[in-house]
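Enquirer: Please read through the structure below; I'll follow up with questions.
The values are calculated or read from the model by the stated rules, or taken from the named source; none is laboratory data. Here the structure is a predicted model, which is why all the values come from computation and not from measurement. Positions of Cβ are backbone-derived with ideal geometry, glycine not excepted, and every protein chain shown enters the neighbour counts. For the accessible areas, the whole protein counts, side chains as well, though only heavy atoms, and no ligand, DNA or RNA atoms are used. Shrake-Rupley method; radii C 1.70, N 1.55, O 1.52, S 1.80 Å.
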Amino acid sequence: MITSLGPCSSFLSPKVCWQNKKKGPYEVTNPVDSYWRCDSDWEKNRKNLVNCAPGFARGTTGEKGGEFYVATDPIDNDADCKPGTLRHAVTQTGPLWITFKKYMTIKLEQELIVTSDKSVDVRGTNMEICNAASITVQFVKNVIIHGLYIHQIIPAKGGKIKDGEKHLGL
C-alpha cells in the first residue's frame, strides 16, 4: 500500500513514496504522476490530478466540477454514438470526468473531436486508440487527457463526424 506524502509541492525534486515494508520506497520523478501515485486513495481523489498541472497546463480544470462518466464500450460509431462510449462522452455539452471500466482498444471510425471541459482519465486501466483515426483537441478549453496510449494512426476518409452533443458536421 502506498502512503500519501501530501500534495505536489515541487516540480523540481522527485517524490519518494513508500510502497510497502518488503519493497521499500520508490522514486517518482514525473511531477504529475507523483501527485497521484503517492496517494493510497487516488481513485477516490481522482480529480486532484488538476492540482499538479505544470507549465502551460497550469490552471486547467479538465472539469474538476463535472460528473463522472464511465466508458464501458470500445465500439465506435462516428455518426450515431451510443451511451457508454468514449465518443459519446467527449461530445457531451456539459463538463465530464471520463474514466474507463476495463481495458479497451478503440478503433475510431473517424477523428474524435473533444469538446470543452473534459478529462479523459485512464489511470487504473489501460486504454489505447490504434490502427484508426485520432483525436482532435482544438478551439476548446479545460481539456485533460492523461494516460491514453495513441499509436499507429491512419488518416480517415472524412465524412460526417459528431462534434458536439447535437451537431453532426463535415
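Enquirer: If I filter the range 137-150 for residues that are more than 25 Å from ARG58 (Cα to Cα) and of a type outside the set (Asp, Glu), do I get at least one hit?
Expert: no
Enquirer: Could you tell me whether LYS47 is under 14 Å from the mean Cα position of the chain (by Cα), at pLDDT 65 or above and in a loop (DSSP other than H, G, I, E, B)?
Expert: No, not satisfied.
Enquirer: Against the definition (over 14 Å from ILE144 (Cα atoms), in a loop (DSSP other than H, G, I, E, B), touching an Asp or Glu at 6+ places or on another chain (Cβ under 9 Å) and not aromatic (Phe, Trp, Tyr)), how does ASP80 come out, yes or no?
Expert: Judged against the criteria, ASP80 is not a match.
Enquirer: May I ask you to list the residues in the range 45-72 that are out of contact with any Gly (no Cβ under 9 Å at 6 or more places or on another chain), under 20 Å from ARG87 (Cα atoms) and loosely packed, with under 13 Cβ neighbours inside 10 Å?
Expert: PHE68
The rows are residues; the columns are (1) farther than 18 Å from GLU43 by Cα; (2) in contact with a strand residue (DSSP E or B) (Cβ under 7 Å, 6 or more places away or on another chain); (3) at pLDDT 90 or above; (4) open to solvent by 60 Å² or more (accessible area, probe 1.4 Å).
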| site | (1), (2), (3), (4) |
| --- | --- |
| TRP97 | no, yes, yes, no |
| THR115 | yes, yes, yes, no |
| MET127 | no, yes, yes, no |
| SER134 | yes, yes, no, no |
| TYR149 | yes, yes, yes, yes |
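Enquirer: Moving on. Select from the range 83-94 the residues that are buried (at least 22 other Cβ atoms within 10 Å of the Cβ) and in a loop (DSSP other than H, G, I, E, B) and list them in ascending order.
Expert: Result: THR91, single match.
Enquirer: Of the conditions (1) within 22 Å of ASN45 (Cβ to Cβ); (2) open to solvent by 20 Å² or more (accessible area, probe 1.4 Å); (3) assigned to a strand (DSSP E or B); (4) free of Cβ contacts under 8 Å to residues at least 40 places away in the same chain, VAL120 clears all except one; give me its number.
Expert: (2)
Enquirer: Mind counting the residues in the range 62-88 that are at pLDDT 75 or above, more than 24 Å from CYS130 (Cβ to Cβ) and not basic (Lys, Arg)?
Expert: 4
Enquirer: Please work out if PRO31 is in contact with a Pro (Cβ under 6 Å, 6 or more places away or on another chain) and modelled with pLDDT of 65 or more.
Expert: Criteria met by PRO31.
Enquirer: Quick one: how many residues across the range 51-99 are more than 14 Å from ASP117 (Cα to Cα), under 14 Å from the mean Cα position of the chain (by Cα) and aromatic (Phe, Trp, Tyr)?
Expert: So the count comes out to 0.
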